[in-house]
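First comes the structure, then the notes that go with it.
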Amino acid sequence: MSIGTRTATRLQLGAWGAVGLVCAIALLRAVYFADDVAFIQRAGGPEWIRAGMPLTSDLIAVDPANPPVHTFVKRFDAAGDEAGAYLYGHALRRARIDLNGRTLLASDGQTGWREGFRVELADGLRAGRNELRVAVANASGPSLLQLRLETDQGTLLETDTSWQVITPHANPAAARVARDISLHPGSQALPDPDQLLATWWPAVLAFFALGASIAFAWPRIASPRVKANAPAWTLAAVTLFWVVHYLWKVGQMPMMVGFDLPAHLVYIDYLREHHALPAADHGFSTYHPPLFHVLTTGVVVLFDVSREGAGAALAYRAIPFLAGLANVGLAWLVARRVWPGEALRPSLAVAFAGLLPMNIYMASYVSNESLHAALVSLAFYLAVALLLSSSVDSRQHALLSLTLGLALLTKFTSLLLAPVIAAVVALRAWWLDGRGVGRTIVRAGALLGGAGLVAGWFYLRNWIRFGDPLVWNLDVPGAATWWMQPGFHTPAWYTSFGEALRHPFFSGYASFWDGVYSTFWGDGLAGGMKSLSTRQPVWSYDFMTIGYRLAFPASLLIAAGWCGLLRESLRTRDIGRRLVLSLTTGLVFLLAFSLLYVTFSQPFYAQAKAFYVLAAIGPLSLVAAEGLAWIPRSAAGRRPWVRIPYFGYLAALGGTIVATFLG
């Protein structure tokens, strides 16, 4: 016998409570306790200071055995009779403190930097001029220092911009306050959305008028059959847009554009030359599981395309294009299962997946992100079908297990997603089919075991060779250590937003939320280029910039859609539907939280990339459809006129996105 809705609700609330507790503990650890996380807070104390350095998106290579030393120097006057003089502070990460030429502390960097230091000066201070020198070395980021000198009479000195910093191979310079909020100079030089709207408002208004006109005429001219087939017509229109974009725009795109493109090409070239997989220590991106690179190599070899030859841009990007378009088709299939017989929300789900800028631009670059997203979307669809079907058979489970295994062979992210998908699908045995907890555990184990049979060899290969199944380019034995700016984070980077609405490109320099927003609604990092001057020229960045401003209301509605589906997952009496909606909201939350959390351990400006959650495009399309449908569904019957300007707004947003990638 299946479980009742009350029991299901209690179990769901318990699961969400456990997830929330684990996430809260993880964040608290990162913010307050983890010495491997460079998260600094002033908390009423002195400023954290650092050496100045140019703003750059380059990798900064470091010899971990001999990291650069930055020496912070402060000369100050003392009476010489101060009692109870102590130095208190923190240094990222290894420090040596000298007062007037005498070493007071020499840390080895092994003790935690959060614990800090407390050094008694005793008779170290002398009357008149004193010199305090703190040499700090950090192999995983900039050298940072927070320090104060306290006596019984009060604070004698503390870190601020009056300190000098002696930097290797540079002249001494004034210290700077350690801030992780910056404004990218290239982005500031571009026109802002208001300036561009003053130029392009006729086009935006035309998009609005078209959508409003269709919304006004739709109830009068559309037959019931046309209305019922609206999702299929939406899919056809979006597919046409994708094909034109691929054949026209992607075909014109310079070959050497895309995130980590040279590193991906090294992987593909090795496969072509050696007919074998490279190891993780062969190149910057050769740690990736191999499926995407093997398939792309197959396409290139099949059509005998050289990197410099005609058609190279299309051949090398064929797999991402097909995968990105597959995301759209799978959104259509899933939405039809979740909302059978409905036109509005399935149509919105298809339009969202097809016009989501991060799906479009990532499908235009040589990257494993789109293929991984498509495989996870397929796994999500198969899971939804298993949970909503009246009966299931072993072939459906085998296909899901195979899909999860292929996803594991494409990107490490699936190691986080596969157990969740398998666990929720397995719950059907207990919650819906009444076969007990034991059968649920066996089914989940079988799903994961099958995926392991498909992909486990790759992780075993890493384990045997490197002693780590998840080795990647930051921890390959013997490889150079590197980091990117800023190399640390503060609360301000996580609690501000707005730069993406003014100057969206490279706005991840301003905050986490700006970085995510700018890469969700557009190519905010210019395809991984170091500056906007080298971005590829085939898209309309004017319309892309306008789109960031137009997308803000839609973003709020999408967030509301997640809340709406979560609420429904706790209230619907259909147990299968409960599981589907729980999986939908759970996958979106899990990937969103992982994106947030990874920025603590890898505190780089470019780490706040929304496309790291592209794998959630299947469930995210349902979330978006729920949120975007809220206004017209609420207005139906009471204020039907509201639909006219609302669909005008959606058409303006969608038309701007189309103009971006076809303009």
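Since every read-out is calculated from the coordinates, none of them should be taken as a lab result. Computed from a predicted model, the values in this text were never measured in an experiment. We place every Cβ from the backbone using ideal geometry, glycine too, and count neighbours over all the protein chains shown.
Observations on the model:
- Sum of -39500 (n - 2.57) over DSSP H runs of 4+, divided by residues of the chain (222 nm, nearest 500): -16500 deg cm²/dmol
- Between R577 and V73, the FRET efficiency from the beta-carbon distance, with R0 = 51 Å, is close to 0.15.
- For the pair the stretch 173-241 and the stretch 250-312, the centres of their Cα atoms are 33 angstrom apart.
- Between W463 and D108, the C-beta separation translates, for a Förster distance of 30 Å, into a calculated FRET efficiency of about 0.45.
- Rg to Rh, two decimals, where the stretch 49-177 supplies the alpha carbon set and Rh follows Kirkwood: 0.98
- Difference of contour (0.36 nm per residue) and Cα-Cα distance, A276 to A189: 26.7 nm
- Highest average packing first - 140-151, 565-576, 642-653, Cβ atoms within 10 Å: 140-151, 642-653, 565-576
- Once both labels are positioned 7 Å from their Cα atoms along Cα-to-Cβ, the gap between S394 and V642 label points is 5.3 nm.
- Pairwise Lys count, the chain - Cα closer than 30 Å, eight or more residues apart or different chains: 6
- Förster radius 45 Å - calculated FRET efficiency between S634 and V19, Cβ distance, rounded to 0.05: 0.90
- Between D63 and V437, the contour length at 0.36 nm per residue exceeds the Cα-Cα span by 129.5 nm.
- The stretch 49-177, dipole about Cα centre (Lys/Arg Cβ +1, Asp/Glu Cβ -1), debye to the nearest 20: 320
- Using a cutoff of 8 angstrom between alpha carbon atoms and counting only pairs six or more residues apart, the relative contact order for the chain works out to 19 percent.
- Label-to-label distance for W218 and L662 is 1.9 nm, based on points extended 7 Å past Cα in the beta-carbon direction.
- Full-extension gain in nm, W248 to R225, via 0.36 nm per residue minus C-alpha separation: 4.9 nm
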